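J.: Here you go, one structure.
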Amino acid sequence: MAVAAAPVSLARSLRLRCLFGARTVHAICSPVIQLHTSRAAMRISQEDFEKAKDQLKLLKEDPGNEVKLKLYALFKQATEGPCSSPKPGMLDFVKKAKWDAWNSLGSLSKDNARQKYVDLVSSLVSSESTSQVKKNAPENKHGYETLQVTTTDNITKIVFNRPGKKNAITTQMYREIIQALEEAATDDSVITVITGNGDYYCSGNDLNNFTNIPSSGLEKMAKDGAVLLEDFVNHFIDFPKPLIAVVNGPAVGISVTLLGLFDIVYATERATFHTPFSELGQSPEGCSSYMFPKIMGLSKANEMLLFNRKLTAEEACAWGLVTEVFPDKAFQKEVWIRLKAYANLPKNSLALSKQLIRGVEKETLHAVNCRECEVLKERWLSDECMNAIMSFFQKKSKL
Ligand code: COA
């Protein structure tokens, strides 16, 4: 039986001999072919049939041997009628599989076979275009409630996703960021980008973290909080690939202090940088007590970390905290063009270079992180901190 009787591309793709073992042939030959027949068998034009043959040649994905056999059988039935050729010998697996498929169509009329052939091709075309759309749209990785995490164009993008709360970081979100960083560290991406959804980059620690006091008491809450924070910051210190912040709006608290651990910080001109720790009876974290003086000099760091000075994007850039500031209108477009180009650079070379640059400081950074968390654990139990948080929520309730 000549394969050439089927459409050319199908014939080419029917690589049955190399794909089938004897047992598989048996499995695919037995079932009676059942095709989608929701439409009543109506006369299908020769033109539709020819069009289906052409569409089949354009399929990018291999539909699999079972479907190819169905297509072969329907094509033969539609063009030659019921199978009348002699049954091939048992050892000629390929010819026998094809003969079985054709023969199983029995006395199906040529018209009906044509209809079923066209239906089958059309279902293959539509399922391929659906799967292409799905492939092109980056999917949010499983299990994240407070983040959007996608990987596309060699970039893993972690988006703070609580825009209604200015992307304030809840306890759950701290944990999810840790998980996202762990996944990004080992996935196929070349660079990792953190940004925010909505008008804010992030408003820092969610102050509700302090109000949901568990039955185990305040001290336990402070202790657990310090352990989580230390682990969280350690994941930034140890992150092995280039880490880039795309600061899409104002940033507050820990979302600012962490910036010293990023490799590049791009900001919209709308962004501001505020670390109101003393206002809140707290103290710096994210290794900022070490990195900020290093980046901007001691006296400027003091203005930010001791006296709550809020920087504009231009100031943050001039002080070295931000790499470059972009006009708000062009921000997303320009930044992502640049990031996509970076993400085409050799992955291992980038990772190793980053690790060389950061490696020297790692031990120091871990020690700083540990110390900052110890101090904060005390601060969270202080009256100064409690009063500041109560006053935030009182102000809110008066609005
Ligand atoms: N913790 C808890 N809730 C926060 C928050 C935070 N860090 N930041 C914002 N929110 C909440 C607000 O309470 C408000 O909630 P609601 O809609 O239920 O009332 C919502 O997010 C929107 O914020 P809102 O204050 O209405 O917006 P704004 O533009 O007027 O002000 C901020 C935005 C960020 C300046 C203001 O919310 C703020 O000062 N937040 C606290 C920032 C902070 O101190 N972070 C900790 C640093 S250590």
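J.: State all residues of segment 47-82 that are part of a loop (DSSP other than H, G, I, E, B) and among the polar types (S, T, N, Q); if no residue qualifies, say none.
T.: Result: no residue meets the conditions.
J.: Now for a separate question. From the set of residues in segment 278-292 that are modelled with pLDDT under 95 and within 8 Å of the ligand (Cβ to nearest atom), which is farthest from Glu372 (Cα to Cα)?
T.: Looking at the filtered set, the residue picked out is Glu279.
J.: While we're looking at this one, here's another question. Give the residues of segment 363-380 that are among the hydrophobic types (A, V, I, L, M, F, W, C) and more than 16 Å from the ligand (Cβ to nearest atom), sorted by residue number.
T.: The answer is Leu365, Ala367, Val368, Cys370.
J.: Need the failing condition index for Pro88 against (1) out of contact with any Leu (no Cβ under 6 Å at 6 or more places or on another chain); (2) open to solvent by 40 Å² or more (accessible area, probe 1.4 Å), just the number.
T.: (2)
J.: May I ask you to list the residues in segment 268-300 that are of a type in the set (Ser, Thr, Tyr), open to solvent by 20 Å² or more (accessible area, probe 1.4 Å) and not in a helix (DSSP H, G or I)?
T.: Thr272
J.: Testing Leu356 on (1) in a strand (DSSP E or B); (2) open to solvent by 40 Å² or more (accessible area, probe 1.4 Å); (3) not small (Gly, Ala, Ser), one condition comes back false. Which one is that?
T.: (1)
J.: Among Val265, Val252, Val256, which is within 10 Å of the ligand (Cβ to nearest atom) and open to solvent by less than 10 Å² (accessible area, probe 1.4 Å)? Write out each step before concluding.
T.: Working: Val265 fails: within 10 Å of the ligand (Cβ to nearest atom); Val252 fails: open to solvent by less than 10 Å² (accessible area, probe 1.4 Å).
Step by step, each of Val265, Val252, Val256 is checked, and only Val256 is within 10 Å of the ligand (Cβ to nearest atom) and open to solvent by less than 10 Å² (accessible area, probe 1.4 Å).
J.: Something else: Considering only residues that are surrounded by 14 or more Cβ atoms within 10 Å (Cβ to Cβ) and either within 14 Å of the ligand (Cβ to nearest atom) or among the hydroxyl-bearing types (Ser, Thr, Tyr) (or both), which ones fall in segment 341-352?
T.: Within segment 341-352, just Tyr342 meets the criteria.
J.: Regarding segment 169-179, can at least one residue be identified that is over 23 Å from Arg270 (Cβ atoms), in contact with a Cys (Cβ under 8 Å, 6 or more places away or on another chain) and within 16 Å of the ligand (Cβ to nearest atom)?
T.: no
J.: Something else about it: Looking at (1) in a helix (DSSP H, G or I); (2) at pLDDT below 95, which one does Ser215 not meet, given that it meets all the others?
T.: (1)
J.: What number goes with the only condition from (1) near the ligand (Cβ under 10 Å from one of its atoms); (2) buried (at least 19 other Cβ atoms within 10 Å of the Cβ) that Ile244 does not pass?
T.: In the conditions (1) near the ligand (Cβ under 10 Å from one of its atoms); (2) buried (at least 19 other Cβ atoms within 10 Å of the Cβ), Ile244 misses (1) alone.
J.: Are there any pairs with C-beta distances below 7 angstrom linking a residue in segment 207-224 that is over 11 Å from Trp380 (Cα atoms) to a residue that is open to solvent by 60 Å² or more (accessible area, probe 1.4 Å) and away from the ligand (no atom under 15 Å from the Cβ), with the two at least 6 apart or on different chains, and if so which?
T.: Pro214/Lys220
Yes/no per residue for (1) among the polar types (S, T, N, Q); (2) in a loop (DSSP other than H, G, I, E, B):
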residue: Gly89; (1), (2): no, yes
residue: Lys96; (1), (2): no, no
residue: Leu105; (1), (2): no, yes
residue: Gln179; (1), (2): yes, no
residue: Thr195; (1), (2): yes, no
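The values are calculated or read from the model by the stated rules, or taken from the named source; none is laboratory data. Note that this is a predicted model, so its numbers are computed, not measured. FYI the Cβ positions are ideal-geometry reconstructions off the backbone, even for glycines, and counts take in every protein chain you see. Heavy atoms of the whole protein, side chains included, go into the accessibility calculation; ligands, DNA and RNA do not. Shrake-Rupley method; radii C 1.70, N 1.55, O 1.52, S 1.80 Å.
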